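Input: a single structure, listed below in structure tokens.
The values are calculated or read from the model by the stated rules, or taken from the named source; none is laboratory data. Keep in mind that this is a model prediction, so the values were computed, not measured. Neighbour counts run over all protein chains shown; Cβ positions are idealised from the backbone, glycine included.
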């Protein structure tokens, strides 16, 4: 996975272990090692295998695509660099999602926030909020790169949480550096994230610094929670089967109650030691450890009472606060059921904005495994983005995000990166009311077409009317009439 978005794209702490100057070397707790040697050392759990032990059906072609992108000259040129937007990545190693959709994927287990809001005990509330923030790691093993959002691209979700009344909206507010911002809310909680990820390329692996700012507010208690996730490494980026690891400190803090949660994500060691493991505590405002949290970030989280030294009490029962939902066995990209749903309109009441990620033609082509068409569509969108940028420079204008605004004088909470590193943005007041007005107007104009295209899926918004069609996040739409003409011609051919 090339990025962890949403909560996984918050500020990060220092990586566990110092990086050496070698292309694939690093310092392990027991001395200097090598990522390739680590992979060779795996016995019964070879990290060069897929989750179920089998090779990917297109493994050979994937390796060839990686080799074509990363020759030795490229490796030497980019060692130590932030490559998030430097490399042109072939669609063969991409997944049919944008980074904004991956930000929304974090909300899969939003019912945990509902439970946190209903809890009377501040320690229990912290445990449930922390569990919500661990849960997205259950989908973090996908090693495919998502599409970089176009400037002004958006993505919306509905039907989140226990009562299906939560909503989510994300917008790409800047392109260089790339920054995505999202807001989600229900009658019980609010969730806000600014995602400004950085990377460092180190030969055969990539360090991901998911810089950002994540805040959660529980409306019942009025408490705010801030989050700093662990660091992430993408191994075997050039040679071998790519795999993901998370390591370092995971931190959540509530300034109103003074309660915090500190977990340690164990780096994968020799012979698969520590793979997926994490453990830590919920700590009260007096600094006393009260709850022990542990589990595997790929599958579950358990909680139990502990003594002030952090050790589990002998008779303390363990409670499972989260279990990762089963994943489809036949998904080419290893997506979860929830991730698959993000590429549909299943929970939408009205057609999404023209800027919505579902409408990207390159994403839709890749979802259908039409790789040449996906590559061509990706190139057309990138060219259109460059044309928009050139026109802005020509007329001397600056891009103004439509749904979020800079937050002047933002008050930072402990652990949050300063605004020079992660700019402060906030959801514009009345955003969802304004969004509904635009969507309702658009639905009225297209109602006949929607009824005509509504098919066997029986959805209020049929996928065929939206997915891969009408994508237009542009500031200067008059420059891009050819894109609609191309889309109409392609639809006629199909």
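Do we have residue 392 as under 29 Å from residue 163 (Cα atoms) and assigned to a helix (DSSP H, G or I) here? No: the conditions fail for residue 392.
Hey, among 206, 237, which residue is more than 30 Å from residue 474 (Cα to Cα), in a loop (DSSP other than H, G, I, E, B) and in contact with a strand residue (DSSP E or B) (Cβ under 7 Å, 6 or more places away or on another chain)? Matching residue, one of 206, 237: 237. Determine whether residue 254 is at pLDDT 85 or above, over 30 Å from residue 114 (Cβ atoms), in contact with a strand residue (DSSP E or B) (Cβ under 9 Å, 6 or more places away or on another chain) and buried (at least 22 other Cβ atoms within 10 Å of the Cβ). Spelling it out, it is not the case that residue 254 is at pLDDT 85 or above, over 30 Å from residue 114 (Cβ atoms), in contact with a strand residue (DSSP E or B) (Cβ under 9 Å, 6 or more places away or on another chain) and buried (at least 22 other Cβ atoms within 10 Å of the Cβ). Hey, can you tell me all the residues within the stretch 471-494 that are surrounded by fewer than 20 Cβ atoms within 10 Å (Cβ to Cβ), part of a loop (DSSP other than H, G, I, E, B) and modelled with pLDDT of 90 or more? 472, 475, 476, listed by residue number.
Selection over the stretch 306-343 of residues that are crowded, with 17+ Cβ neighbours inside 10 Å, in contact with a strand residue (DSSP E or B) (Cβ under 6 Å, 6 or more places away or on another chain) and not in a loop (DSSP other than H, G, I, E, B) gives a count of 3. In this entry, residue 346 is excluded by the filter for residues that are surrounded by fewer than 18 Cβ atoms within 10 Å (Cβ to Cβ) and free of Cβ contacts under 8 Å to residues at least 40 places away in the same chain. Considering 371, 301, 321, the condition of being over 30 Å from residue 121 (Cα atoms), in contact with a helix residue (DSSP H, G or I) (Cβ under 7 Å, 6 or more places away or on another chain) and touching a residue at least 12 places away in the same chain (Cβ under 8 Å) is satisfied by 371 alone. Please determine whether any residue of the stretch 352-363 is part of a helix (DSSP H, G or I), in contact with a helix residue (DSSP H, G or I) (Cβ under 8 Å, 6 or more places away or on another chain) and farther than 13 Å from residue 97 by Cβ. Scanning the stretch 352-363, I find at least one residue that is part of a helix (DSSP H, G or I), in contact with a helix residue (DSSP H, G or I) (Cβ under 8 Å, 6 or more places away or on another chain) and farther than 13 Å from residue 97 by Cβ, so the answer is yes. Checked against the criteria, residue 171 counts as buried (at least 22 other Cβ atoms within 10 Å of the Cβ), in contact (Cβ under 8 Å) with a residue 60 or more places away in the chain and in contact with a strand residue (DSSP E or B) (Cβ under 6 Å, 6 or more places away or on another chain).
Looking only at the stretch 257-270, which residues are out of contact with any helix residue (DSSP H, G or I) (no Cβ under 6 Å at 6 or more places or on another chain) and either assigned to a loop (DSSP other than H, G, I, E, B) or surrounded by fewer than 20 Cβ atoms within 10 Å (Cβ to Cβ) (or both)?
The answer is 258, 262, 264, 266, 267, 268, 269.
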